[in-house]
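To start, the structure itself, in structure tokens.
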Amino acid sequence: MGQVVFLPRALTGALFTAALFAAGWEYGLYGIGGAAVGTGAAWLLGVDRERLAQGMEGFNSCLVGVGCAVFLGAGRPSTVLVALLGCAVATVATAAAGRALGSWGLPALTLPFCAVATAITLAAPGLGRVWGGGAGLAALPEPVAGPGDGGLRLADLAQGFLAGFGQIFLMPQWYVGALVLAGLLVAGPRVAGVACLGNAAGMAAAWAFGVPGAHLTDGTSGYNAVLVALALCGVFLEATSRTVPYALTGAVVATVSAGAIGALAAPVGGHTFTWPFVVTTLVFLVAARSFPRLTAARPSSPAGD
């Protein structure tokens, strides 16, 4: 569970699990079940024990499980079946993405989750026994559902800031985000600080570009920025005074690209998920190879691939 944010820490994962249960016991079960199915499938297929122990085979399937609960309806028996299949397929997608991107020295990130979840949500409306109308918690709200650009209060922004952490798990509640932030704090103040800076940068960029107030208060403007900031400052690039601005630039780019990806996905019933994080991070990691001052040193403590 902790590997969703590159942290192979059991306590972090426990707090993330608590965050999902705080949103609803169904989401907690789907999250734990997804992680278990993905890890179990990888074990049956003979994946290296170190990857299993580090949680590398469970985080994408965890997100797939939660995504099924959110977008298909947690209480439907068909959702359970789709989630089981999707989490198992996520293991195959993880291996395929790791093999393809690994040949270029790049991590798979949450690409397997994005691919599987996108396929499920696009196919579901055509499957009568699967589609329940998409009454999930984290369905993107209409712009009119939140305060107007001029009506945002400090409390609204604080709520949106915390919700940005919750949206990493597709949950828009501020208290879920608070527990996710607590999980980041367990890993250390530097990790939490980078995540907070990324979240703030994403929200600021969204506000500057005129994103509706509803998307500032429900956290959808910040979660991709959080993941990008963590990836580019402390995980795949060392956390230094040089990588901080590079990571925050990536956070802003991810926020802008989220709007573009959302606009492309909406007409066909798709969702943004963490595609902006995946695309932005891969582009910035490839580009970083041309910038010696960013890549002179690598982090000593791995937190993922």
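The values are calculated or read from the model by the stated rules, or taken from the named source; none is laboratory data. For clarity, every value in this text was computed on a predicted model and none was experimentally measured. No Cβ is skipped: glycine too gets one built from the backbone with ideal geometry, and neighbour counts run over all protein chains shown. Heads up: the accessible areas ignore ligands, DNA and RNA and are worked out on the full protein's heavy atoms, side chains in. Shrake-Rupley method; radii C 1.70, N 1.55, O 1.52, S 1.80 Å.
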Which percent of the accessible heavy-atom area of the chain goes to carbon and sulfur, probe 1.4 angstrom?
-> 69 percent
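For a test of the definition: using alpha carbon positions, the gyration tensor, and the 1.5 limit on a/c, classify segment 236-298 as rounded, prolate or oblate. Before the final figure, lay out each step's value.
Values: a/c = 3.52, a/b = 2.81, b/c = 1.25.
It is prolate, given that a/c is not under 1.5 and a/b is the larger ratio.
Can you give the translational diffusion coefficient of the chain in µm²/s, computed by Stokes-Einstein from the Kirkwood radius over Cα pairs at 37 °C and 0.692 mPa s? Working shown, then result.
Details: Rh = 19.0 Å.
The Stokes-Einstein estimate is 173 µm²/s.
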Point-to-point label distance, Ala208-Ala95, nm (Cα→Cβ direction, 7 Å offset) = 4.5 nm
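Express the accessible area of the chain per residue in Å², computed with a 1.4 Å probe while the remaining protein chains stay in the model. Don't skip to the end; give the middle numbers.
On the way: 13030 Å² over 305 residues.
Per residue, the chain has an accessible area of 43 Å².
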The Cα extents of segment 39-84 along the principal axes, largest first and rounded to whole Å, are 35, 16, 9
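Report, in deg cm²/dmol and to the nearest 500, the calculated mean residue ellipticity at 222 nm for the chain, where each DSSP H run with n ≥ 4 adds -39500 (n - 2.57) and the sum is divided by the residue count. Could you put the intermediate results ahead of the total?
Working: 14 runs with 188 residues, N = 305.
The per-residue figure over the chain is -19500 deg cm²/dmol.
Starting with the highest mean, order 237-243, 249-255, 189-195, 41-47 by the number of other Cβ atoms within 10 Å, averaged over the residues of each peptide. Write down the numbers at each step before the final one.
Values: 237-243: 16.7, 249-255: 26.0, 189-195: 19.0, 41-47: 14.9.
Output ranking for 237-243, 249-255, 189-195, 41-47: 249-255, 189-195, 237-243, 41-47.
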Could you estimate the translational diffusion coefficient of segment 1-101 from the Stokes-Einstein equation, with Rh from the Kirkwood formula over C-alpha pairs, at 37 °C and 0.692 mPa s, in whole µm²/s?
-> 247 µm²/s
